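Input: a single structure, listed below in structure tokens.
The values are calculated or read from the model by the stated rules, or taken from the named source; none is laboratory data. Keep in mind the model is a prediction, meaning the values are calculated, not measured. So basically every Cβ, Gly included, is an ideal-geometry build from the backbone, and we count neighbours across all protein chains shown.
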Amino acid sequence: MRATRLYQGLLRRALLSLCPLGLLVGALACGSGSGGSGLPPIAQIQQLDFSFSPSYVFGFASANTSTISIEIENAGSVPHTFTIDELGVDVTLDPQSRQIVRFGNDAGSYAFYCRFHRERGMAGSLLIGATMRPKRP
């Protein structure tokens with residue numbers, strides 16, 4: 001019970017700190033969006049020359065699907081990767097290209113980075129909130 005409250009408090013603080021900056025990308029919506037998971041991407045992340053925008057992404061896991069997706073766009077002038085070690089994600093994007101990346105919807109905090117430019121600070125964080133399932137009577 002205490003851990004749940006702590007987790008909810010951390011999520012609430014993360015939301016409140018991101019909203020004023022316009023960095024909250026949005027929660028995963030219910031519905032029939034496009035893509036293999038049947039739901040729209042939880043976020044769109046732009047890779048610039050040596051940074052991600054936004055670099056902090058928050059979304060909720062969905063009870064409706066076993067995967068979530070993020071749309072990555074390389075708006076820079078050099079190749080980049082989008083890598084999340086814990087989720088087995090490692091894709092390379094050429095300049096001026098985009099790709100939808102899908103992975104499991106396990107709740108947790110994950111670091112993402114570009115393998116080519118990590119030492120230059122090209123990294124960010126993905127926070128996936130727990131699945132919200134309706135209680136059955």
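If a residue must be assigned to a loop (DSSP other than H, G, I, E, B) and not acidic (D, E), how many such residues does segment 95-107 contain?
Within segment 95-107, the first condition is being assigned to a loop (DSSP other than H, G, I, E, B), and the residues that meet it are 95-96, 105-107.
Still in the running and not acidic (D, E): 95-96, 105, 107.
Looking only at that region, the number is 4.
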Worksheet item: Give me the pairs: first residue in segment 60-74 and assigned to a loop (DSSP other than H, G, I, E, B), second residue at pLDDT 80 or above and surrounded by fewer than 22 Cβ atoms within 10 Å (Cβ to Cβ), beta-carbon distance under 9 Å, and six or more apart or on different chains, which are they?
Response: A61/G104; A61/D106; A61/A107; A61/G129; S66/G104
Practice prompt. Return a yes/no flag: does segment 105-117 have any residue that is over 14 Å from T67 (Cβ atoms), among the aliphatic types (A, V, I, L, M) and in contact (Cβ under 8 Å) with a residue 60 or more places away in the chain.
Written response: no
Fill in: Members of segment 75-94 found to be in a strand (DSSP E or B), touching a residue at least 24 places away in the same chain (Cβ under 8 Å) and not hydrophobic (A, V, I, L, M, F, W, C), listed by number
H80, T81, T83, D90
Item to complete: Look at segment 71-103 and say how many of its residues are exposed (fewer than 15 other Cβ atoms within 10 Å of the Cβ) and under 18 Å from F60 (Cα atoms).
Response: 1
Item to complete: Give segment 87-106 a look and list any residue that's modelled with pLDDT of 95 or more and acidic (D, E), or say none.
Response: D90, D94
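Select from segment 88-104 the residues that are in contact with a Leu (Cβ under 9 Å, 6 or more places away or on another chain) and not small (G, A, S) and write down the one among them that is nearest to S125 (Cα to Cα).
Within segment 88-104, the subset in contact with a Leu (Cβ under 9 Å, 6 or more places away or on another chain) is 99, 103-104.
If we keep only those that are not small (G, A, S) as well, we get 99, 103.
Numbers: Q99: 19, F103: 15 Å.
Out of the qualifying residues, it is F103.
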